[in-house]
Structures are given as C-alpha cells and as structure tokens.
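Colleague: My questions all concern the structure below.
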Amino acid sequence: MNAMHADRGALVLVDYQQRLMPAIDRADAVLAEAVFVADVARRLGVPVLGTAQNPQRLGDNVDAVHTRCDTVVAKTHFDACRDGLVDALRAARPGATQVVVAGCEAHVCLLQTALGLRRHGFETFVVADACGSRFAADRALALQRLSHAGAVLVAPEMVAFEWLDHCHHAQFRPVLDRIKRRTPAGG
C-alpha cells in the first residue's frame, strides 16, 4: 500500500444523513472528523463526493457534510459503487487510484462501499475516527473486517499530512491552522 497522495485520489463521505446521524454512537465526534478531512481535501483540491442512502426516507446529508461535497450520489444499494459512485469518482478525478472514505453506518454502507471500491481496484483508506454506527461493537467489527480485506485504517491527521507531503507545500500553513483547530474524536 502506498502513501496517500492528494493528486491521485478523492474523498468519499458515506451517508452522514439527517435522519441517521441522531442514532449514531458519538455522532458529534464522528461528524467533526469527517468535516475536518473534508476541509483539508477542499483546501488541497481533492474532490469530495458524498453518498446518500434512500434520501427520500433518510433525508439529505447534514449541512456540514452536504456543503463540502462537490457531488452526492443518491443510492439504494448499500454499496454505493453499484449506484454510480465509481463513475462519479472517475468524472471528478480521471485516473484516480486512491480513495479516502469515511461514513455511517460503518458496518453497513461504509463497509460495503469500501469493499466495493477495493473490488474496483482503488487503494482504499478508511478514516476510522470519522466512521460511526449505532453500536460501538458494530463499528469495531466493520473496521476489523475492512482491515483484513486490505483497506488501510487511518487517522484524520494522517490523511492531512500525507496529502500535504512536505512543509513547503503552498497550503501547508492553512492546513496546519485547520489542524490546530481540530478537536480529537475522543474529546
């Protein structure tokens, strides 16, 4: 597995939906980490795609996620790849080989979408702290399964610093300022 590269990838935020988020364990912390990674992605020109499971029933993504997405793929399959995510990724970043992904519920749509991305040949990095489920045990098992399936579990700041690559990057200072305003998922 390679390092994450901003110019080779995209960020996919799975199903941070209005009617789902109130049921997610540690929802505020999960959402804060997703927003952090999305802010870094947008600062560095990494496309941000969202997905929404059956939005007529579960609503759109919460505003904090919706406003940061370049596009949102509405879906009925739990694996967003089956409803056009791969085409949307290729349109957003032709030649992309890497996807950083996070979302809810970790053991359903996030899991199946990440496995789908792996099947489509993408190096897949899962931002563990930005993933949530109703029950912590379901989230833990999903992350374990994803790791065994070849997805790499990463922390939000790992994504930021690998995408930056070096301290002379033109966006280093603004990203560093955003890092300094970050509240850790546990606190």
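Colleague: Assuming R0 = 35 Å, can you tell me the calculated FRET efficiency for the pair Arg90 and Ile179, based on Cβ-Cβ distance, to the nearest 0.05?
Modeller: E between Arg90 and Ile179, to the nearest 0.05, is 0.70.
Colleague: At 0.36 nm per residue, and after removing the present C-alpha to C-alpha distance, how many nm does the segment from Ala140 to Arg26 gain when stretched out fully?
Modeller: That pair, Ala140 and Arg26, stretches by 39.7 nm at full extension.
Colleague: In deg cm²/dmol, rounded to 500, what helix-only [θ] at 222 nm does the chain give when every DSSP H run of at least 4 residues adds -39500 (n - 2.57) and the total is split over its residues?
Modeller: Helix contribution divided over all residues of the chain: -11000 deg cm²/dmol.
Colleague: Which one, (1) -0.40, -1.03, -1.48; (2) -0.46, -1.10, -1.43; (3) -0.46, -1.14, -1.58, gives log10 I(q)/I(0) by the Debye sum over Cα atoms at q = 0.11, 0.17, 0.20 Å⁻¹ as derived from the coordinates shown?
Modeller: Here log10 I(q)/I(0) by the Debye sum over Cα atoms at q = 0.11, 0.17, 0.20 Å⁻¹ agrees with entry (1).
Colleague: Also, I was wondering about something else. Between Leu13, Leu141, Leu31, find the one with the highest GNM mean-square fluctuation for the chain; connect C-alpha pairs within less than 10 Å.
Modeller: Leu141
Colleague: For Met21, what charge total do you get from the other residues with a beta carbon under 10 Å from its beta carbon, if Lys and Arg give +1 and Asp and Glu give -1?
Modeller: -1
Colleague: Moving on to the next point. Please give, to one decimal in nm, the separation of the simple spin-label points placed at His66 and Arg19, each 7 Å out from Cα toward the Cβ.
Modeller: Rounded to a tenth, the inter-label distance reads 1.4 nm.
None of the figures in this text is laboratory data; all of them are computed from the coordinates on show. Just so it is clear, the model here is predicted, and its values are computed rather than measured. Using ideal geometry, Cβ is built from the backbone for each residue, glycine included, and neighbour counts are taken over all protein chains shown.
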